[in-house]
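Before any comments, here is the structure.
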Amino acid sequence: MASSLPTGSALQDEIDSLNAQITKQGSVVRTLKKESSSNADEIASAVDALKSLKLRAETLRKHQESTDPTKSFNRKVFDELILRKMFIVPSFEIHGGVKGLFDLGPPACALKASMVDAWRKHFVLAESMLEMECTCLTPEVVLKTSGHVDRFTDLMVKDPVSGECFRADKLLEDVIDELIEANPDMPVEEREKHLRIQIQADAFSPAELDEQLTNYGCKAPSGEAYGPSFPFNLMFKTSIGPEGTSVGYLRPETAQGLFVNFRRLLDANSQKMPFAAAQIGLGFRNEIAPRSGLLRVREFCMAEIEHFVNPDDKSHPNFSSVFNKELVLFGRDDQLGSGKTKTITVGEAVSTGLVNNETLAYFMARTQLFMERIGMDPSRLRFRQHLTTEMAHYACDCWDLEIQSSYGWVECVGHADRACYDLDVHGKATKTPMVATVKLDEAKEVEVAKLKLDRKVLGQAFKADQRVVSRALDALAENWADFEPVAMALESEGKATVDGFEITKDMVSWTKTTKKVHEIKFTPSVIEPSFGMGRILYSLLEHCFYQRDADEQRCVMRFKPAVAPQKCAVLPISSSDEMNAVVDEIASDLMDSDLATRVDKSTASLGRRYARADEVGVPYAVTVDFDTLSDGSVTLRERDSTVQIRLPKADVTRVVFDFVHGRFTWNEALAKYPVVQVKED
């Protein structure tokens, strides 16, 4: 019986074990058939054992599909609902549309606004962050400094016949998915080998990716092999000003605006460290092959946090508040080994070194809590650690929150410890000190280098850059550990490189000494959570969609009241002027309390009007009926249970307001007000 079958990770573990047993038993059967000494009964017994294992495995696979929301998900009905109710529509549809561009209709626009509002309260307000709104147009010099002009690329291949372009790593991921789906009895070791290659798809070099595409027999639509993969820069290039001489780009991320404003932000925070800055806005990426609806588009909303912290102290003052929060983690060792996730507490993840530091883990936990707050299914959330080959050379640790949808596991929030890279490169490029200061309780002795610069030699060698070189040497001299490699190079080789300038021994002499300091200056590290709000929005739509058991034609969006586009519907049971006046009164009162309200006075049946409200996720519906006119009471319907209670008209706004703000629950309402039996036609 289904009730005795395992679920979740235990179910997958048993399927994996059975696949291994089937492989082993299949080998036994083949061996017995080859050996002339084997008798028919022995072979028959081995075959029966193999059949029994396969039957059990097939039963478990069917059970897994029946309990997996992504397997039972009705994409056709979902897509029809999303388009029909105008959640999301193709941009410029009457002109044929453009790949990777979509418009949000009224319900999705309101849903996104509620989601962004919840994000701002959960992060910006709760953490006292400094919020900015920076320009989308970015001068080339900024993105050249950050590395985007040279390295913000994906690998692309072309169909040699049609010239159509494809993203190479996605082709590899898709062909592996197709291979595994077509071979459900594939031995577990072989399946895990393919999955390990799939996980590394976006970390392969062009030559490695070409080799894998060849190994998997990946062909272009024309039937020919794809051409060699090559990097394609994803930024939209433009010119700033009428002359066309100033090159700019539409920003691919919001972060750079926060980095270049670091000094002003630090001043705004009264020079106190650590602190966080945040920004919500549009990003633009010229995707090679936009697909999967809002999951891969060319214009998208991002919400990014840059948490500036002392690189020598990445603890977080509020870490204890999330210490016992459990997360599903998919570490790099598990990705390349067992292929299984681990569910552990945030505290254990940091203490064992799985997550690099407290601040990074803190934001991972806060992200999980945010997802639960807006109504995401916790069982379809996990954090995947970047493989070493995926991470930038300067990064300390990176984890992506992935959300499972009908498209598989999709990266929706990146959490990266970017070290000091961003402030370093912008500071050096602009000769601007991007430093913070920590004051010491007591002065302490530190080892420094006392320099004597030969300014005449420096001036002859570097001319206008003499001051730049002098400042760079003076900065290194503040800490002997920083200057020591330069000193050793000058002693052994007679020259050293400092900030791109070659220094010779005749330009500087030094002595190692100590001095008392009352404060320490440092370039802050940056911990960055980066949210793709469009991907989160789409995933939330999928997680909230379902069809009623009694009638699959009735679709429902199970939005939490706090983020639902509309909080309450108000419906008259008849279209009399007297009833309509009461409907208008209730709706006006709800909207005066900032509760978005849907009024439906159409002549459709009451059941049909309830169904319309369900389709756009309205959590509550007030019905004005004949009793309202006599005793002033109305019914209040809860969307998912369809249960209705009767309450005084005067209580409606307060009750709905408390539902939306989490101050009152439906169960508490059921205990306080009488339930009424209503048949929905």
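Miscellaneous remarks
- Label point of S406 set 7 angstrom out along Cα-Cβ; within segment 530-569, amide nitrogens under 11 Å from it belong to 542-543, 545-546.
- Extreme residue, positive dipole direction of the chain, given options P221, V435, V149 (C-beta unit charges): V435
- Of W399, W666, the residue with the largest accessible area leads and the full order is W666, W399 (1.4 Å probe).
- Gain on full stretching of the segment that runs from K495 to T513 - 0.36 nm per residue minus C-alpha separation: 4.3 nm
- Karplus 3J(HN,Hα) series, Hz, for segment 267-280 with 6.51 cos²θ - 1.76 cosθ + 1.60 (x for Gly, Pro): 4, 5, 9, 6, 6, 8, 10, x, 7, 10, 10, 9, 8, 10
- Placing a label point 7 Å from the Cα of N74 along the Cα-to-Cβ line, the residues of segment 550-575 whose backbone N sits under 15 Å from it are 550-558.
- The relative contact order of the chain comes to 11 percent, based on Cα pairs under 8 Å that sit 6 or more residues apart.
- Sulfur and carbon atoms: percent of accessible area, the chain [1.4 Å]: 50
- Dividing the mean sequence gap of close Cα pairs (under 8 Å, 6+ apart) by how many residues segment 465-595 holds gives a relative contact order of 10 percent.
- Computed over segment 539-670, the percent of Cα pairs more than 24 Å apart is 24.
- Distance violations [Cα-Cα > 22 Å] among K144/K170; K51/K193; K193/K342; K314/K450; K99/K237; K314/K521: K144/K170; K51/K193; K314/K450
- Whole-number Å³ per residue for the convex hull built on Cα positions in segment 337-407: 123
- Extension gain for D174 to L629 (0.36 nm times residue separation, less C-alpha to C-alpha distance): 157.7 nm.
- Per-pair calculated FRET efficiency, R0 = 22 Å: V643 and A581 via Cβ, rounded to 0.05: 0.20
- For segment 316-435, averaging the sequence separation of C-alpha pairs within contact (under 8 Å, six or more residues apart) and dividing by the residue count gives a relative contact order of 20 percent.
- Chain lengthening between E224 and S17 when straightened (0.36 nm per residue, less Cα-Cα): 70.6 nm
- Applying 1/(1 + (r/R0)^6) with R0 = 30 Å to the Cβ-Cβ distance of A443 and N324 gives a FRET efficiency near 0.15.
- Summarising the amide proton neighbourhood of V624: residues at separation of 5 or more, or on other chains, whose placed amide H is nearer than 5 Å comprise L571, I573.
- Placing R0 at 35 angstrom, the Cβ-Cβ distance between D506 and N310 gives a FRET efficiency of 0.40 after rounding to 0.05.
- P(r), alpha carbons of segment 433-474 - 5 Å bins starting at zero, rounded %: 5, 16, 20, 16, 15, 12, 9, 6, 2
- Taken about its Cα centre, segment 289-420 carries a charge dipole of about 440 debye when Lys and Arg each add +1 at the Cβ and Asp and Glu each add -1 at the Cβ.
- Separation of the C134 and A40 label points, Cα + 7 Å toward Cβ, nm: 8.0
- Heavy-atom accessible area per residue - the chain, 1.4 Å, Å²: 49
- Here segment 359-514 is treated as a sphere whose radius is the Kirkwood value from Cα pairs; by Stokes-Einstein at 20 °C and 1.002 mPa s it diffuses with a coefficient of 109 µm²/s.
- Overall shape of the chain was characterised from the C-alpha gyration tensor. The equivalent ellipsoid obtained from it has semi-axes of 51, 39, 26 Å, in decreasing order.
The values are calculated or read from the model by the stated rules, or taken from the named source; none is laboratory data. Given the structure is predicted, the values throughout are model-derived calculations rather than measurements. Heads up, the Cβs are rebuilt from the backbone with ideal geometry, glycines too, and the neighbour counts pull from every protein chain shown. What goes into the accessible areas is simple: the full protein's heavy atoms, side chains included, and nothing from ligands, DNA or RNA. Shrake-Rupley method; radii C 1.70, N 1.55, O 1.52, S 1.80 Å.
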